[in-house]
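For reference, the structure is listed below as structure tokens.
Coordinate-derived values only; no laboratory data. On a predicted model such as this, the values are computed, not experimentally measured, just so you know. As a convention, Cβ positions derive from the backbone with ideal geometry for all residues, glycine included, and neighbour counts pool all protein chains shown.
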């Protein structure tokens with residue numbers, strides 16, 4: 001064996017270990033993020049069923065608005081909980097203060113980007129958090145869209161079926 005290849009093999013071995021460590025960490029963080037989002041949305045659905053057992057018929061503008069503000073606020077709280085999950089990891093592994101860890105995590109989650117940098121070993125987690133944040137925001141937007149659609153269908157069924165309006 002050529003002596004010059006030993007340091008190269010050692011470097012490749014370390015890079016592979018870094019990659020595996022980042023991958024395992026990313027899988028755990030993404031899974032926990034999905035659990036928070038799914039459990040939160042399931043809790044909102046259960047709350048809706050418990051408080052409106054006969055459905056959300058004829059709530060009116062004010063009560064519909066209050067319902068949407070409440071749901072949107074709770075979804076924002078879910079996203080903050082997810083950011084805090086990632087913040088905890090960054091605080092543990094990289095940043096000296098909670099403020100820096102939260103700033104970095106919130107910027108990555110919102111896909112804004114940050115002027116703070118991770119060590120090379122953890123650098124791949126920033127884009128993973130960004131993609132996860134986009135997907136979680138998409139789930140929240142879809143959830144709110146479903147609630148609004150349901151409110152419209154129940155309050156004004158003619159708006160839900162434009163074809164029925166054009167038959168005059």
query = Cα centroids of segment 66-109 and segment 33-47: how far apart, whole angstrom?
reply = 16
ask   = Can you give the extra length, in nm with one decimal, that the chain gains between residue 137 and residue 115 once fully stretched, where that is 0.36 nm per residue apart less the Cα-Cα distance?
value = 5.6 nm
task = Rank-order 19-30, 81-92 by packing density, defined as the average count of other C-beta atoms within 10 Å over each peptide's residues, highest first.
result = 81-92, 19-30
Virtual paramagnetic centre 7 Å along Cα→Cβ of residue 153, amide N under 18 Å, in segment 124-146 = 141-146
query = How far apart, in nm, are the 7 Å Cα→Cβ label points at residue 124 and residue 52?
reply = 4.4
task = Between residue 146 and residue 59, with labels modelled 7 Å along Cα→Cβ, what's the label distance in nm to one decimal, could you check?
result = 1.5
query = Sorted by packing (mean other beta-carbon atoms within 10 Å per residue), highest first, where do 128-137, 39-48, 60-69 land?
reply = 128-137, 39-48, 60-69
